[in-house]
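See below for the structure under consideration.
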Amino acid sequence: MLKEELLTDGANLPNSYYEAKKIIKELALSYNKIDACTNDCILYWKEDSQLDSCKVCGASRWKIDTHSKETRNKKGKKIAIQRAYAIFL
């Protein structure tokens, strides 16, 4: 597995997102979900939090339904294409 090849002996890294989330919860750390550009240009955060497309490359922030061509799901919620997680100490 790639993880074992990259980490030094004795390094302890969770095997899944779920395990990492449990560790964060146990440490009482908080985190924020921040939408990100699919091309890694920007984070939709602070003054950019209301944008619908990337101000650098123009890529859409939202998933587009292939049948209806709309950015909202059946429940009326917009779904971000990519997310970043910021952990605050």
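Among the residues of segment 4-14, which ones are surrounded by fewer than 10 Cβ atoms within 10 Å (Cβ to Cβ) and not small (Gly, Ala, Ser)?
First, the residues of segment 4-14 that are surrounded by fewer than 10 Cβ atoms within 10 Å (Cβ to Cβ): 4-6, 8-12.
Matches in segment 4-14: 4, 5, 6, 8, 9, 12.
Residue pairs, Cβ under 8 Å, 6 or more apart or interchain, first in segment 28-52 and modelled with pLDDT under 90, second assigned to a helix (DSSP H, G or I) and surrounded by 11 or more Cβ atoms within 10 Å (Cβ to Cβ). List them.
Matching pairs, first to second residue: 31/24.
I'm trying to understand the selection: among the residues of segment 28-40, which are touching a strand residue (DSSP E or B) at 6+ places or on another chain (Cβ under 6 Å), surrounded by fewer than 12 Cβ atoms within 10 Å (Cβ to Cβ) and either under 15 Å from residue 78 (Cα atoms) or hydrophobic (A, V, I, L, M, F, W, C) (or both)? Working first, answer last.
Keep residues of segment 28-40 that are touching a strand residue (DSSP E or B) at 6+ places or on another chain (Cβ under 6 Å), which gives 29-36, 38.
Subsequent filtering for residues that are surrounded by fewer than 12 Cβ atoms within 10 Å (Cβ to Cβ) retains 29-30, 32-33.
Residues satisfying the conditions are 29, 33.
Name every residue in segment 41-70 that is acidic (Asp, Glu), under 14 Å from residue 81 (Cβ atoms) and surrounded by 12 or more Cβ atoms within 10 Å (Cβ to Cβ), in order of residue number. If you could, list the steps in order and put the result at the bottom.
Of all residues in segment 41-70, those acidic (Asp, Glu) come to 47-48, 52, 65, 70.
Going one step further and asking which of them are under 14 Å from residue 81 (Cβ atoms), we end up with 52, 65.
Correct list: 65 only.
Filter segment 17-40 down to the residues that are part of a helix (DSSP H, G or I) and of a type in the set (Lys, Arg), then identify the one that is nearest to residue 81 (Cα to Cα). Steps first, please.
Here is the first cut: in segment 17-40, the ones part of a helix (DSSP H, G or I) are 17-26.
If we keep only those that are of a type in the set (Lys, Arg) as well, we get 21-22, 25.
Working: 21: 21, 22: 24, 25: 25 Å.
Among residues in segment 17-40 that are part of a helix (DSSP H, G or I) and of a type in the set (Lys, Arg), the one nearest to residue 81 (Cα to Cα) is 21.
Every residue in segment 15-27 that is surrounded by 13 or more Cβ atoms within 10 Å (Cβ to Cβ) and without any contact (Cβ under 8 Å) to a residue 24 or more places away in the chain, please.
Result: 20, 21.
The values are calculated or read from the model by the stated rules, or taken from the named source; none is laboratory data. Note that this is a predicted model, so its numbers are computed, not measured. Please note: Cβ atoms are built from the backbone with ideal geometry, for glycine as well, and neighbour counts cover all protein chains shown.
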